[in-house]
Amino acid sequence: DAPLLQVRDLSIDFGTPRGRLHALRGINVDVPKGRIMGLVGESGCGKSTLAYALSGLLAGNGQVTGGAILMDGQDVTKMSDRQLRDMRGQRVSMIFQDPMTALNPVITIGRQMLDIQYRDPGTSAEKRARAAAMLDRVGIPDAAAQLGSYPHQFSGGMRQRVCIAMALLTKPDLLIADEPTTALDATLEVQIIELLRELQQEIGCAIVFVSHHLGTVAELCDDVTVMYAGEVVEQGDVRSVFHAPAHPYTQALLECDPARIKEATRHLPTIAGTLPDLVNVPEGCIFAPRCAHAWDRCRAEHPAARRASAHHTAACHLLDTEART
Ligand code: SF4
Ligand code: MG
C-alpha cells in the first residue's frame, strides 16, 4: 500500500524584501494510514510551513518551487481552491496552537459544527446530535447545551477540546496538529495528548504532529521527522531516532541522553550558534557552521539521506563510511 501522504522533494520559497527566502528545500516525508508522525525542530526550521502546505494553507507570499504533496496520489500543490476546500472539510483537518485561529468568534459552536458537516448525510437535527456527541466525547460538560455557546465562553483548554471535536467530526484521514498544546499548562497538555491518542485509535486517522517538545513526541508519535533550517536531517521510527540519533543536530537536541527524553523540558535545548540565512543558503551541509564534527567535505557537498539503522535515515556525511577520510 502506498502511504496516505507522500511529500516528494518539496521546496517552498517566500518573497521577502531582502529576496527569496528558501524556507523548505527538498523535503521528503511519508505518512502511512493511521500512523502518527512528529515534526520537530527549532522555531524557524520550517515545520509549521510544511504543516500548512500539507493542508493547502500556505500563506499568500509562499510559493511551491518544486516537488509534490501527494494525498492518496493527488497533488495538493496543484489543487484548485474548491478541491482544497473539499479536502479540508472531509479528508484533512487542522488544529492550531491558538484555538481561536480555527474558531469564528461571532458564531455559536453548534452552528460551526453544523457547517463543517455540510457534505455529510443526515438532517440538521441528526448533525446537531452528532456535534453534541463529539463535544461530549472530548470532555465538554453538558455538551448539548453548549452548542449555543460562543468560543469566548470556554477556557483555553476547553476551547482546544472544541477544536479537536470540530477537526475530528468528519472523521478525516489526516489530522495536522501545529503545536496544539503549546499554549496550555503541563496538566492540560497531558490530558489533550491522551485525548488525541484515544481519538486517533477510534477514528484511525493519521496525524502529523508539529512540536518542539521531544517528550510529547516520544510519547505520542510512531515516527519522527527532525527538521533543521528548512531541510529534513533525520527521520524514521521514533524509538530508533531518539535512542540512536545519527545526525549531530538530533544528537545535540537530545543532549546525547535518550533516557531523559520523557522528563525533558518542554522546550528544545539551546544549541550554540545561529540559524543560517535562508535567503543566501550556504553550500554544503546546512548544519556545518554549528557542527562539532564538520570537516572540509561538509562545507563543499550537501549530504544525502542515508540509512542510519534498520528503521531510520539521516543526512550526514558521517554515515558515508566508504568515502570517509
Ligand atoms: Fe556535521 Fe558534516 Fe554531518 Fe553536516 S555532514 S552534520 S557538518 S558531520
Ligand atoms: Mg510554528
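The values are calculated or read from the model by the stated rules, or taken from the named source; none is laboratory data. Because the structure is predicted, anything quoted here is derived from the model rather than measured. So basically every Cβ, Gly included, is an ideal-geometry build from the backbone, and we count neighbours across all protein chains shown.
Annotations for the structure displayed:
- Residue ID - nearest to Ala315 (Cα to Cα), chosen from residues in segment 212-253 that are within 13 Å of ligand 1 (Cβ to nearest atom) and acidic (Asp, Glu): Glu234
- Inter-residue pairs, beta-carbon under 6 Å, first within 20 Å of Ile193 (Cα to Cα) and in segment 218-233, second of a type in the set (A, V, I, L, M, F, W, C) and part of a loop (DSSP other than H, G, I, E, B), 6+ apart: Ala218/Ile261
- Only residues that are more than 16 Å from ligand 2 (Cβ to nearest atom) and in a helix (DSSP H, G or I) were counted across segment 75-99, and they come to 13.
- Residue in segment 47-67 that is assigned to a strand (DSSP E or B), away from ligand 1 (no atom under 16 Å from the Cβ) and aliphatic (A, V, I, L, M) present: yes
- Listed conditions (1) without any contact (Cβ under 8 Å) to a residue 60 or more places away in the chain; (2) outside any helix (DSSP H, G or I); (3) not aromatic (Phe, Trp, Tyr) are all met by Ala183, apart from (1).
- Residue ID - farthest from the chain's Cα centre (by Cα), chosen from residues in segment 2-43 that are over 20 Å from Thr216 (Cβ atoms) and within 16 Å of ligand 2 (Cβ to nearest atom): Leu21
- For segment 277-292, the candidate set comprises residues that are in contact with a strand residue (DSSP E or B) (Cβ under 9 Å, 6 or more places away or on another chain) and within 8 Å of ligand 1 (Cβ to nearest atom); within that set, the residue that is nearest to Pro303 (Cα to Cα) is Cys285.
- Unique residue being surrounded by fewer than 15 Cβ atoms within 10 Å (Cβ to Cβ) and either farther than 23 Å from Leu184 by Cβ or in contact (Cβ under 8 Å) with a residue 60 or more places away in the chain (or both) when the list is Arg85, Arg25, Arg91: Arg85
- From Gly273, Gly284, residue being at pLDDT 90 or above, more than 19 Å from Val217 (Cα to Cα), touching a Lys or Arg at 6+ places or on another chain (Cβ under 6 Å) and in a loop (DSSP other than H, G, I, E, B): Gly284
- In segment 184-204, the count of residues that are among the β-branched types (Val, Ile, Thr), surrounded by fewer than 21 Cβ atoms within 10 Å (Cβ to Cβ) and under 25 Å from Ala310 (Cα atoms) is zero.
- Scope segment 113-141; condition part of a loop (DSSP other than H, G, I, E, B) and surrounded by fewer than 11 Cβ atoms within 10 Å (Cβ to Cβ); matching residues: Tyr118, Arg119, Pro121, Thr123, Pro141
- Residue match in segment 16-39 (condition: at pLDDT below 95, of a type in the set (Lys, Arg) and more than 16 Å from ligand 1 (Cβ to nearest atom)): yes
- For segment 287-325, the tally of residues that are in contact (Cβ under 8 Å) with a residue 60 or more places away in the chain, assigned to a loop (DSSP other than H, G, I, E, B) and of a type in the set (Gly, Ala, Ser) stands at 1.
- Pairs where the first residue, in segment 163-179, is within 13 Å of Thr101 (Cβ to Cβ) and the second is part of a helix (DSSP H, G or I) and among the aliphatic types (A, V, I, L, M), C-beta under 7 Å, 6+ apart: Met166/Met113; Met166/Ile116; Ile176/Ala51; Ile176/Leu54; Asp178/Ala51
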